[in-house]
Structures are given as structure tokens and as C-alpha cells.
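To start, the structure under review is shown below, and the notes come after it.
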Amino acid sequence: MAIGGTALAGPRARDAGVVVGILEPGPLNGITDVEGVRVGQVTLVEGTKIHTGVTAVLPHGGNIFQDKVPAGFVAENAFGKFMGSTQVVELGEIETPILLTNTLNVAEAAAGAIEWTLAQPGNEQVRSVNAVVGETNDGYLNDIRGRHVGKADARRAIETAKTGAVEEGAVGAGTGTVAFGWKGGIGTSSRKLPASLGGWTVGVLVQSNYGGVLNVAGVPVGVRLGKYDFKSEIEQRKADGSVVIVIATDAPVSDRNLRRIAERAFAGIARTGSSFSNGSGDYAVAFSTNAAVRRTPERRAAAASVETMPNDGMSSLFQAVAEATEEAVLNSLFTAKTVAGHNGTIEALPLDKVLPMVKRR
């Protein structure tokens, strides 16, 4: 079994001339533009049978269990499994890396995150860990019943997480995913607000595996290519699937307003052509890395004063997350490659046809 990354199959959307929104991206145009955020990925490929993996997002490089980060969670359509979400909703914080994998390996990913957390210096007396694990179903391209992701793979994704550019497309938890009938995968993007709006950064990472009628920067690409859900001759396709959105920001935002940011990420998903179908698990989790709002042991032990952004300061962050989410999905599609998998072949999005459509617009 091959373990590791794969080369990008195509350019990122912006590199191909497809510009989404009005705000500028950060230097990397990825979730790691938010200082301190790390991403690690393990990709598992064996012939046509196995196409799966794990993606880990770490809010910072320290002891996450001790220095928890405020967080918000939203399930737009909850046909899926998002482990740890109830405690995130209840307490408004995250205490482990966020892991993404396939539907039937949530337990193994959680076991890896728990083992890693318990092993961190300072956690010797920890007796409860809320592992945060999201999933999408990669069972068309991957032998999902084989449950090939192990807890060692999850730990490897965490332990190899790093800052810098994030690999996209058919990698990590996106190795076997499908979006709009084309090869989906992992995608990321960011937006940096101008100084007049605070200068904050919002970064997004998506695991795209959902359907609908694909739009690229407002162009009905799915219709023009003749490949979309609910088309009469392929009525059996009902736009089902899932998407997981991980959002990071360096803005000092409360868990309540992080939930509001997570809600706005779905504006970006809708712009790509999703209608959030009955069988789609659509989830977003958002966290802040800002030291002013971090849930340190001292702040958790007694009443503490915390400075957070007011409600009136949130609108620019809402705009940023919607734009970054839309572009992250496009990046997941643009950089994915054709994959011959367990039940058939899923083609990469034909950029030679898509890009002229967008440019004519």
C-alpha cells in the first residue's frame, strides 16, 4: 500500500484565472495562512481497491488539550457522523486536533487522536478526551468496508502536521471522494481582511464529496457539460454526499460568533451548486487561534475577562468565510486527478472545457 501524497493534477482555481469574491487571499491562499495552524495528511492507495486517508488540522502547535480554543459547530444537514460535535456545541471549545476521514473509519481516527492527546506532556492525569472527527463516504472509489484507515494512520497525520502550503485534490481524507460527479477531494483557501476591517485572516479547508448542479464562479458548468444531479436520464442520482468545512481565524471571536461564522460557510457551498440534499452530511466547525480568547488552564479555573469582537464587527468575517469556502471547493476539484477505483473510474473536472466557459463570462 502506498502511503503519502500525490502530485497535483491541475492548477488551483485562482492560478487558472478563476477569481472568487472581492477580498484578497493570504500569501498561501490556505487555512495555514492563519498563524499557528498546521495540516497533516496520510494518503492510502492500493491498486483500484483502496483510495482513502486521513487529514488532520491542528489549531496550534502546543498542547491543545491544555490550551483549548473557542469553537462553533453547525450541521446544515446532519446525514452523517461528526464525532465530538455535541461537546463542541455544549462547551464552545475544541481540545484535540480535528480529523477528517471516511465514514467507517471514524472510530480509528478518534482512537488515534485520543492516544496522541493522552501522550502529550502535561496530560498524564487526563481521563476524558473529546476527539473531533468528521467524515464523508468514499465508498465508490474506496473499499470502505475494508476499513483500511488505522489509528496509526491518524496519529501519523497529526504528528506530521505542518505549517506552509497544503496539498490538495485526491489526498488525505479526499483521496476517494466525489463531488458533482467529478473527482473531489481536499481543498483550501483564505481571505485576509484589509487593515480598515481589522486585518484578520480567515482560512478554510474542505473535504468535498457532495452533489448538485456545479457552478464555477457563477457559471452553470454542470448544466453546460450535461452532467448534473436530477437530470432526467440520470434521475437515480439525488445529489447525495457530504462536505466537511474546517474554518480557522486569528480574530478574537467568541464561540457564539464562531458558530455564526460556521453558518456562513454554507453560503459558499450553496454558490458551488449544492442544495443540501436529504442524504448529504454538511458540517462546519470554526475555531479562533487568537491568544486573547484561548481557553487556558488559568482561564478555565476561575472567572476571567476576555476581549472579543462585537457582533457589529462580524460581517466582514462572514463575507470572508463564504468566499474562502467557495474557492476551497473549487481548488479541491481543480487539483484532483482522475481515479480508477473500487467500483469504477471518476474523471477529473475537465478544465480544458471549464476554463473557456468561465473566461467567456
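The values are calculated or read from the model by the stated rules, or taken from the named source; none is laboratory data. Not measured: the values here are computed from a predicted model. All Cβ positions, glycine included, derive from the backbone under ideal geometry; neighbour counts span all protein chains shown.
Only a single item in (1) in a loop (DSSP other than H, G, I, E, B); (2) without any contact (Cβ under 8 Å) to a residue 60 or more places away in the chain; (3) of a type outside the set (Lys, Arg); (4) farther than 15 Å from Ala154 by Cβ is not met by Glu90, and it is number (1). Please work out if Ala262 is aliphatic (A, V, I, L, M), modelled with pLDDT of 95 or more, surrounded by 18 or more Cβ atoms within 10 Å (Cβ to Cβ) and assigned to a loop (DSSP other than H, G, I, E, B). For Ala262, the condition - aliphatic (A, V, I, L, M), modelled with pLDDT of 95 or more, surrounded by 18 or more Cβ atoms within 10 Å (Cβ to Cβ) and assigned to a loop (DSSP other than H, G, I, E, B) - is not met. Cβ-Cβ below 7 Å, separation at least six or inter-chain, first residue in the stretch 344-361 and under 30 Å from Ile50 (Cα atoms), second part of a helix (DSSP H, G or I) and of a type in the set (Phe, Trp, Tyr): which pairs? Hits for this filter: Leu349/Phe334; Leu351/Phe334. Under the condition of being assigned to a strand (DSSP E or B) and over 13 Å from Leu141 (Cβ atoms), the residues counted in the stretch 170-205 number 12. From (1) in contact with a Ser or Thr (Cβ under 7 Å, 6 or more places away or on another chain); (2) of a type outside the set (Ser, Thr, Tyr); (3) farther than 24 Å from Gly341 by Cβ; (4) outside any strand (DSSP E or B), pick out the condition that doesn't hold for Gly80. With (1) in contact with a Ser or Thr (Cβ under 7 Å, 6 or more places away or on another chain); (2) of a type outside the set (Ser, Thr, Tyr); (3) farther than 24 Å from Gly341 by Cβ; (4) outside any strand (DSSP E or B) applied to Gly80, the lone miss is (3). Any chance you could count how many residues in the stretch 62-85 are free of Cβ contacts under 8 Å to residues at least 60 places away in the same chain and touching a strand residue (DSSP E or B) at 6+ places or on another chain (Cβ under 9 Å)? Result for the stretch 62-85: 3.
Here are Gly139, Gly134: which of them is surrounded by fewer than 21 Cβ atoms within 10 Å (Cβ to Cβ), modelled with pLDDT of 95 or more and in contact with a strand residue (DSSP E or B) (Cβ under 9 Å, 6 or more places away or on another chain)? Steps first, answer last, please.
Values: Gly134 fails: surrounded by fewer than 21 Cβ atoms within 10 Å (Cβ to Cβ).
Answer to the selection: Gly139.
Just checking, does the stretch 17-34 include any residue being in contact (Cβ under 8 Å) with a residue 12 or more places away in the chain, under 28 Å from Ser128 (Cβ atoms) and β-branched (Val, Ile, Thr)? Yes: one or more hits. Taking into account only those residues within the stretch 17-55 that are over 19 Å from the mean Cα position of the chain (by Cα) and β-branched (Val, Ile, Thr), which is nearest to Val321 (Cα to Cα)? The extreme case among them is Ile22.
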